[in-house]
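Just so it is clear, none of the values below were taken in a lab; they were calculated from the coordinates. Not measured: the values here are computed from a predicted model. In this analysis, Cβ positions are derived from the backbone assuming ideal geometry, glycine residues included, and neighbour counts consider all displayed protein chains.
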Amino acid sequence: MGISVGGEKGGSMSEPNIVPLIDVLLVLIIIFMAITPTTPTGMDALVPQPPPKNQKPQPPDPRTVVVLISATGEIKINQDPATWSDLGPRLNDIFKIRAEKVAFIKGDDDASFDDIARAIDIMKGAGITDVGLITAKMEAGQ
């Protein structure tokens, strides 16, 4: 289809050729469909699974490090009292000779989220690569 000039009345009249515009739009649609990400992926998470009901609970590993945060903001490292200022250095001392840098954090039900987040930040700063959370349901085996 071309451009027709003029008409029955003798005036100039033009009709644009739309076919190339449609071709360009179809190509753009195909390009945008091809570059669209398929599925957004987030960070990998390991979700702990409860043990089977007929299995006896295993005693905790003595090398496991658990940081306890009370509702009042008091800290304990494996039942030993600690302060916010010496939490990082003590964790550094504990984990400097260990190859496996895994620790757990347990907060009281009424513990502040700010305290938990602050403890996780200090633990990451001390070189602990994996920080696990212990909840009341996990301790009960549910």
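Cross-link check: pairs K56/K76; K56/K101; K76/K101 evaluated at a Cα-Cα cut-off of 24 Å; pairs beyond the cut-off: K56/K76; K56/K101. With the simple model of a label 7 Å out from the Cα in the direction of the Cβ, D86 to D130 spans 3.0 nm. On full extension, the segment bounded by A34 and T64 gains 6.0 nm, given 0.36 nm per residue less the C-alpha separation.
Would you mind counting up the charge near K101? Only other residues with Cβ under 14 Å from its Cβ, with Lys and Arg at +1 and Asp and Glu at -1.
+1
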